[in-house]
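What follows is one structure encoded as structure tokens, with my remarks underneath.
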Ligand code: UDX
């Protein structure tokens with residue numbers, strides 16, 4: 001099938017590449033000429049495992065192309081995906097200007113019927129706005145081509161986007177037309193493994209499904225962080241509690257890892273946007289507001305622990321920081337807990353020696369060069385002459401810690417672990433003072449032998 005994507009951001013690029021890879025003919029339109037030129041050269045603007053070879057191969061075999069020319073893009077596809085950003089407005093609600101601008105572009109250039117799909121995460125009611133904008137432009141052109149607007153939200157996760165896209169749990173399609181549902185069934189047929197992955201519903205329910213899914217996951221995390229904070233004060237171990245509750249299949253093991261708060265481009269933005277949607281219709285979203293408040297507090301937790309440990313005397317201290325990205329396997333630092341921590345440490349007069357396997361360039365881009373930030377070549381180098389180590393992101397190889405190195409690099413070894421990577425008893429054996437999330441504190445080095 002012939003498909004067009006507007007927006008080669010995260011969602012658009014991954015979904016476009018995978019659709020091309022299963023045999024569809026895909027053209028991606030973006031306003032950013034440099035991005036388009038780079039993609040044609042195989043230079044991918046994001047770090048996402050396995051994506052680059054798929055983009056290169058499908059560009060070379062002609063099934064995937066990139067352009068800034070909206071007109072040719074609109075003419076190419078019977079299906080037009082809108083996959084541009086919906087950044088938060090000042091008040092946290094989703095800004096629809098880019099989505100509506102694409103709707104206008106499609107309506108300006110279309111020469112026949114089109115299926116227009118909202119892939120971006122958009123508030124309930126957006127499909128109606130897209131429809132109205134398209135109809136308006138068609139009327140002003142004096143033409144009346146048939147078109148349908150569909151909501152087809154994306155559920156991929158950064159870091160495993162290619163795998164998620166290839167093997168989706170479900171494909172949610174919001175449409176009021178059986179014919180359109182059949183076209184999408186054909187488009188997504190390669191992804192139906194043992195059973196039909198398509199869940200067809202009305203448009204508003206599909207739009208709400210996306211927010212409900214992300215808000216549910218964010219709720220699980222904030223809930224767990226709250227229980228962790230209680231566990232800490234009650235002398236319990238959140239890791240034992242996690243296993244104890246996760247074994248109940250109604251609860252499950254996923255998304256109940258306590259930590260230093262959720263970040264990324266989706267959870268913070270989508271929780272806020274749904275709160276704004278609820279506010280706008282006069283409904284008080286108590287759970288969602290608490291989810292956000294707990295997360296905000298959790299992102300400040302590492303700093304609070306550090307400050308308590310050093311009795312508020314942080315001026316001139318240096319901290320090794322492992323992990324800048326908001327989670328492993330991405331270079332994305334949007335809403336990352338590392339940012340809240342670094343900014344608090346700097347404000348308190350401390351210095352940071354940071355290491356991250358992928359996000360160093362992004363960190364440099366965000367903060368530029370500053371005397372209180374050193375980006376180190378390796379995790380080990382970051383430990384040189386520091387007062388403590390702080391772990392913010394659970395990159396796999398941080399789990400294999402060289403405890404002797406920790407002992408050698410700090411006169412009184414201290415670790416603040418925002419991801420519970422280590423066994424507290426092991427830390428004690430190595431004489432390390434170990435702070436983690438939701439486990440009784442402080443676990444002072446050599447306090448028990
Ligand atoms: C999320 C959704 O998972 C995905 O379905 C949606 O399409 C986009 O938003 P993503 O933002 O890529 O994906 O990351 P995810 O893996 O969900 O993690 C989000 C945040 O939650 C991270 O900061 C992570 O560290 C945190 N998290 C996750 C926890 O703190 N505990 C957990 O148990 C799980």
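Residue 172: in contact with a strand residue (DSSP E or B) (Cβ under 6 Å, 6 or more places away or on another chain), within 26 Å of residue 270 (Cα to Cα) and not in a helix (DSSP H, G or I), yes or no? Give the steps one after another, and end with the answer.
On the way: in contact with a strand residue (DSSP E or B) (Cβ under 6 Å, 6 or more places away or on another chain): yes; within 26 Å of residue 270 (Cα to Cα): yes; not in a helix (DSSP H, G or I): yes.
When the stated conditions are applied, residue 172 passes them.
What's the number of the condition residue 378 fails, among (1) in a loop (DSSP other than H, G, I, E, B); (2) under 19 Å from residue 262 (Cβ atoms); (3) out of contact with any helix residue (DSSP H, G or I) (no Cβ under 9 Å at 6 or more places or on another chain)?
If we test residue 378 against (1) in a loop (DSSP other than H, G, I, E, B); (2) under 19 Å from residue 262 (Cβ atoms); (3) out of contact with any helix residue (DSSP H, G or I) (no Cβ under 9 Å at 6 or more places or on another chain), just (2) comes out false.
For residue 310, all conditions in the list (1) modelled with pLDDT of 95 or more; (2) more than 16 Å from residue 419 (Cβ to Cβ); (3) touching a helix residue (DSSP H, G or I) at 6+ places or on another chain (Cβ under 7 Å) hold save one; what is the number of the exception?
Looking at each condition in turn, residue 310 falls short on (3).
Would you check which residues across region 385-404 are loosely packed, with under 14 Cβ neighbours inside 10 Å and more than 16 Å from the ligand (Cβ to nearest atom) and list them?
Of the residues in region 385-404, the ones loosely packed, with under 14 Cβ neighbours inside 10 Å are 385, 396-397, 399-400, 402, 404.
Scanning region 385-404 gives 385, 397, 400, 402, 404.
Can you pull out the residues in region 403-432 that are part of a loop (DSSP other than H, G, I, E, B) and either at pLDDT 95 or above or within 24 Å of residue 342 (Cα to Cα) (or both)? Before the answer, list the steps.
Within region 403-432, the first condition is being part of a loop (DSSP other than H, G, I, E, B), and the residues that meet it are 410-413, 418-423, 430-432.
Within region 403-432, 410, 411, 412, 413, 418, 419, 420, 421, 422, 432 qualify.
Mind checking which residues of region 253-279 are farther than 20 Å from residue 436 by Cα and in contact with a helix residue (DSSP H, G or I) (Cβ under 6 Å, 6 or more places away or on another chain)?
Correct list: 266, 267, 270, 271, 274, 275.
For region 183-209, what are the residues that are away from the ligand (no atom under 15 Å from the Cβ), farther than 16 Å from residue 3 by Cβ and part of a helix (DSSP H, G or I)?
If the condition is that a residue be away from the ligand (no atom under 15 Å from the Cβ), farther than 16 Å from residue 3 by Cβ and part of a helix (DSSP H, G or I), then 203, 204, 205 are the ones that fit.
Please indicate, with yes or no, whether at least one residue in region 264-277 is without any contact (Cβ under 8 Å) to a residue 24 or more places away in the chain and either within 11 Å of the ligand (Cβ to nearest atom) or surrounded by fewer than 17 Cβ atoms within 10 Å (Cβ to Cβ) (or both). First the steps, then the outcome.
Of all residues in region 264-277, those without any contact (Cβ under 8 Å) to a residue 24 or more places away in the chain come to none.
Among the residues of region 264-277, not one is without any contact (Cβ under 8 Å) to a residue 24 or more places away in the chain and either within 11 Å of the ligand (Cβ to nearest atom) or surrounded by fewer than 17 Cβ atoms within 10 Å (Cβ to Cβ) (or both), which makes the answer no.
Search region 231-257 for residues being part of a helix (DSSP H, G or I) and free of Cβ contacts under 8 Å to residues at least 40 places away in the same chain, and hand back the single one that is surrounded by the most Cβ atoms within 10 Å (Cβ to Cβ).
Keep residues of region 231-257 that are part of a helix (DSSP H, G or I), which gives 231-234, 238-246.
Now drop any that are not free of Cβ contacts under 8 Å to residues at least 40 places away in the same chain, which leaves 233-234, 240, 242-246.
Values: 233: 11, 234: 10, 240: 12, 242: 21, 243: 12, 244: 11, 245: 15, 246: 16.
Per the stated criteria, the residue is 242.
Sort out which residues of region 245-258 are near the ligand (Cβ under 7 Å from one of its atoms) and on the phi > 0 side of the Ramachandran plot, and write them in order of number.
Of everything in region 245-258, just one residue is near the ligand (Cβ under 7 Å from one of its atoms) and on the phi > 0 side of the Ramachandran plot, namely 255.
Mind telling me which of the residues 66, 5, 81 ends up being within 19 Å of residue 133 (Cα to Cα), outside any helix (DSSP H, G or I) and in contact with a helix residue (DSSP H, G or I) (Cβ under 6 Å, 6 or more places away or on another chain)?
Details: 66 fails: within 19 Å of residue 133 (Cα to Cα); 81 fails: in contact with a helix residue (DSSP H, G or I) (Cβ under 6 Å, 6 or more places away or on another chain).
Matching residue, one of 66, 5, 81: 5.
Could you tell me whether region 340-359 includes any residue that is within 15 Å of the ligand (Cβ to nearest atom), part of a helix (DSSP H, G or I) and modelled with pLDDT of 95 or more?
The answer is yes; a qualifying residue exists.
Mind listing whichever residues of region 303-339 are assigned to a helix (DSSP H, G or I) and either outside the structural domain of residue 381 (by TED's automatic domain parsing) or more than 16 Å from the ligand (Cβ to nearest atom) (or both)?
At the first step, the residues of region 303-339 found to be assigned to a helix (DSSP H, G or I) are 303-309, 337-339.
Correct list: 303, 304, 305, 306, 307, 308, 309.
Would a scan of region 285-302 turn up a residue that is farther than 26 Å from residue 158 by Cβ and surrounded by 17 or more Cβ atoms within 10 Å (Cβ to Cβ)? Give the derivation first.
Of the residues in region 285-302, the ones farther than 26 Å from residue 158 by Cβ are 286.
Remaining after also requiring surrounded by 17 or more Cβ atoms within 10 Å (Cβ to Cβ): none.
No - not one qualifying residue is present in region 285-302.
Here are 104, 90, 136: which of them is more than 16 Å from the ligand (Cβ to nearest atom), surrounded by fewer than 17 Cβ atoms within 10 Å (Cβ to Cβ) and assigned to a loop (DSSP other than H, G, I, E, B)?
On the way: 104 fails: assigned to a loop (DSSP other than H, G, I, E, B); 136 fails: assigned to a loop (DSSP other than H, G, I, E, B).
Exactly one residue qualifies, and that residue is 90.
What tally of residues in region 225-239 results from selecting those that are within 14 Å of the ligand (Cβ to nearest atom) and either more than 19 Å from the chain's Cα centre (by Cα) or over 11 Å from residue 437 (Cα atoms) (or both)? Spell out how you get there, then give the answer.
First, pick out the residues of region 225-239 that are within 14 Å of the ligand (Cβ to nearest atom): 225-229, 238-239.
Remaining after also requiring either more than 19 Å from the chain's Cα centre (by Cα) or over 11 Å from residue 437 (Cα atoms) (or both): 226-229, 238-239.
Residues that pass the stated criteria total 6.
Among what's in region 19-36 and is part of a helix (DSSP H, G or I) and over 25 Å from residue 333 (Cα atoms), pick the residue that is nearest to the chain's Cα centre (by Cα).
Keep residues of region 19-36 that are part of a helix (DSSP H, G or I), which gives 19-21, 33-36.
Okay, now just the ones that are also over 25 Å from residue 333 (Cα atoms), so 19-21.
Values: 19: 21, 20: 24, 21: 24 Å.
Checked region 19-36; the qualifying residue nearest to the chain's Cα centre (by Cα) is 19.
Step by step: first the residues of region 405-421, then only those that are touching a residue at least 60 places away in the same chain (Cβ under 8 Å) and within 22 Å of residue 326 (Cβ to Cβ), then the one that is farthest from the ligand (Cβ to nearest atom). Which residue is that?
Ranking the qualifying residues of region 405-421, first place goes to 416.
If you go through region 50-59 one residue at a time, do you hit one that is touching a residue at least 24 places away in the same chain (Cβ under 8 Å) and part of a loop (DSSP other than H, G, I, E, B)?
Quick first cut of region 50-59, residues touching a residue at least 24 places away in the same chain (Cβ under 8 Å) only: 50-51, 54-55, 57-58.
Filter again for part of a loop (DSSP other than H, G, I, E, B), leaving 50.
The answer is yes, given that some residue of region 50-59 is touching a residue at least 24 places away in the same chain (Cβ under 8 Å) and part of a loop (DSSP other than H, G, I, E, B).
The values are calculated or read from the model by the stated rules, or taken from the named source; none is laboratory data. Nothing here was measured: the structure is a model prediction, and the numbers come from that model. Neighbour counts are summed over all protein chains in view; Cβ atoms, including those assigned to glycine, are modelled from backbone coordinates with ideal geometry.
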